[in-house]
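The values are calculated or read from the model by the stated rules, or taken from the named source; none is laboratory data. Here the structure is a predicted model, which is why all the values come from computation and not from measurement. FYI the Cβ positions are ideal-geometry reconstructions off the backbone, even for glycines, and counts take in every protein chain you see.
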Amino acid sequence: MNAQRFLADACASVLVALTLVWVGAPAQAAACEKGTGTTVVVQGHGMNSTRCTGKVSKASDAFESAGFPLTYTTRFPGFVCRVSGKPASDPCHTASPADAYWGLFWADGKGSGWKYADKGVTQLSIPEGGWVAFRFQDGDGKKYPSANPVGPAPKPTPKPTVKPTPKPTVKPTSKPSGTPSASPTTSTATSATPTPGGTPSASATPGSTPSTDAPAAAGDESAGDSTDKATAGVSTSADDDAGSGPGVWTFIALGLLASAGGLIGWRVWKRR
């Protein structure tokens, strides 16, 4: 029984110690990144908080936005007598005493340190990335906020992944489907081919009729020979045609003989 109670007391002591450490340590990790937003700090009367809020124009808006409601005195509306309801002992009728009030501080967030505000919380402007704080003063000298008024460095912006541009697909050029036209016909020009006898013979182009009336040169014996050969060729051709079978003249002669024979026979018969 005593052992269980001892363990319970030990656990309670550890929880109390952790709570004190948590309350006593500044919440620096909650500060805005350097150069961004507005960081709000409240220290005193059991509070030690650092919170980040967005960009605001006035310090009073920063506290309200960060979750620290402010209470003003009835006689001096711009004078803050309570932060988050503390200290509850302040009646908030007039200005708080010099040994028990909330001191207002600010910093530009660029490393210049805390500055005691010379304006009220409703008139004090905070630059982008700046800090503002309320630190409770208890008469033992002026106490500045213990938080370092420089936020953590901004997180590096990841470089965008550049995707390689896909190479365009080159389609092969289709072959022409047209049938190639026929090559142009080359006309054959008439060329003179020399003959052994010295007389050129005309070689006609394809489709043309060769001329056989070429004149013979004067005094050229070969011309007479050519004419005789041509005549002989014609006669020979005629004889060949006559000897190849009975011609027209054969039939005419037979006809005349038949007529003559008939005439003679008729006269003989008539004389009888």
| request: Considering every residue within region 162-169, establish whether at least one is at pLDDT 75 or above, exposed (fewer than 10 other Cβ atoms within 10 Å of the Cβ) and hydroxyl-bearing (S, T, Y). | output: yes
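Can you name every residue in region 103-128 that is among the basic types (K, R) and within 49 Å of the chain's Cα centre (by Cα)?
K110
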| note | Considering residues that are acidic (D, E) and free of Cβ contacts under 8 Å to residues at least 12 places away in the same chain, the number found within region 108-139 is 1
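Quick check on my filter: what residues within region 91-136 are acidic (D, E) and under 20 Å from D61 (Cα atoms)?
Selection gives D108, D118, E128.
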| said: Considering only residues that are crowded, with 17+ Cβ neighbours inside 10 Å and not in a loop (DSSP other than H, G, I, E, B), which ones fall in region 28-47? | reply: T38, T39, V40, V41, V42, Q43, G44
